[in-house]
Amino acid sequence: MKPVVFIHTNAKQRLGALVSAHSFRRNARDADAFDVRLLETSRYPELEQGGHSFVRGRHVRRWDPDDLQSFTPLRFAAPDEMDHQGVALVVDPDVFAVGDAGEVFARDLEGKAIWCCPRPGHNNSPNYLATSVMLLDCGKLPHWRFAANLRALWGGELDYIDWIELRREERATIGLLPPEWNDFDHLTPDTRLLHTTKRRTQPWKTGLAIDYTLRETGLSRLASPFRGLFRRRYHAHPDRNQEAYFYGLLAEAVELGSISRDEVGEHIRLGYVRPDSLALMERYRGRLWPADPAAPKAA
């Protein structure tokens, strides 16, 4: 059974997901070694409907289907999509291949069900595991039944944090990938998968109004009645080469016909990507990375 790269997304991040899909195909030494598929919230009506409540970190929240990251539960749907057979790589729509994903599929899984990158200290968790990129042996995950887990989430029986951080999994079933397989806003010659994970600096959204849920702590809670008066906006990415890589990939995908120019225009019209995206495609066409050796590098 051929391995599959699943890129899970919603409508707001769909253009990023299409660019991601192109990056996996273009950087594969053997384009037939694995398949690449989008896993979209539009196929799961419950993720696109409001009215649900759920527990996140022991606090009750309301599900917002319009949030930028409403796709995140879908990373746990891959085993169902594979009929619980074979190997899958699941990635966020803001993850872009710099190397060949065939390398990670060729790994010895050592009998483990899940492989991912540790990110100690993230979200104040010393043992945080980043599930934004996961290599899965789907046959070893019979308990990953997406519909049942989603019902448990809506019913308050499953804490979102426990689910998203793999806290319910047996630690012995989880292997750790090297950091270059989920390189957080860090692009170097060693990077295999670039993850533009800082939402506020995603290169295709610079200048747009923020459309994700901000964490509420301290003064931000006190200011909530006035939040609508001050529209926070996406910032430019500190590493211009990451902007160049995205738009170089997008320009290439449009040239090859895997993304249409009209689709880019529609995402601009909807406010999902920055209005100068067509001009940036022209600027970075054929340059990709390193596009600007003198550009400031991300830390």
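The values are calculated or read from the model by the stated rules, or taken from the named source; none is laboratory data. Remember, it's a predicted structure, so these values are computed and weren't measured experimentally. Neighbour counts run over all protein chains shown; Cβ positions are idealised from the backbone, glycine included.
Check the stretch 184-191 and report whether any residue there is surrounded by fewer than 16 Cβ atoms within 10 Å (Cβ to Cβ), closer than 26 Å to Ser20 by Cα and touching a residue at least 12 places away in the same chain (Cβ under 8 Å). No - not one qualifying residue is present in the stretch 184-191. Residues that are of a type outside the set (A, V, I, L, M, F, W, C), touching a helix residue (DSSP H, G or I) at 6+ places or on another chain (Cβ under 7 Å) and on the phi > 0 side of the Ramachandran plot: does the stretch 15-29 have at least one? No: the stretch 15-29 contains no residue that is of a type outside the set (A, V, I, L, M, F, W, C), touching a helix residue (DSSP H, G or I) at 6+ places or on another chain (Cβ under 7 Å) and on the phi > 0 side of the Ramachandran plot. Of all residues in the stretch 118-147, those being touching a Pro at 6+ places or on another chain (Cβ under 6 Å) and among the small types (Gly, Ala, Ser) number 0.
Results for (1) touching a Leu at 6+ places or on another chain (Cβ under 8 Å); (2) among the β-branched types (Val, Ile, Thr); (3) closer than 17 Å to Asp183 by Cα, shown as yes or no for each residue.
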site	(1), (2), (3)
Glu110	no, no, no
Ala113	yes, no, no
Pro126	no, no, no
Ala130	no, no, yes
Val133	yes, yes, yes
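Screening the stretch 50-168 for strands (runs of 3 or more DSSP E) wholly inside it with 1 or more residues that are in contact with a helix residue (DSSP H, G or I) (Cβ under 7 Å, 6 or more places away or on another chain), at pLDDT 95 or above and not aromatic (Phe, Trp, Tyr) returns the ranges 53-56, 87-91, 95-97, 114-118, 129-137. For the stretch 22-49, the candidate set comprises residues that are basic (Lys, Arg) and in a helix (DSSP H, G or I); within that set, the residue that is nearest to Arg168 (Cα to Cα) is Arg43.
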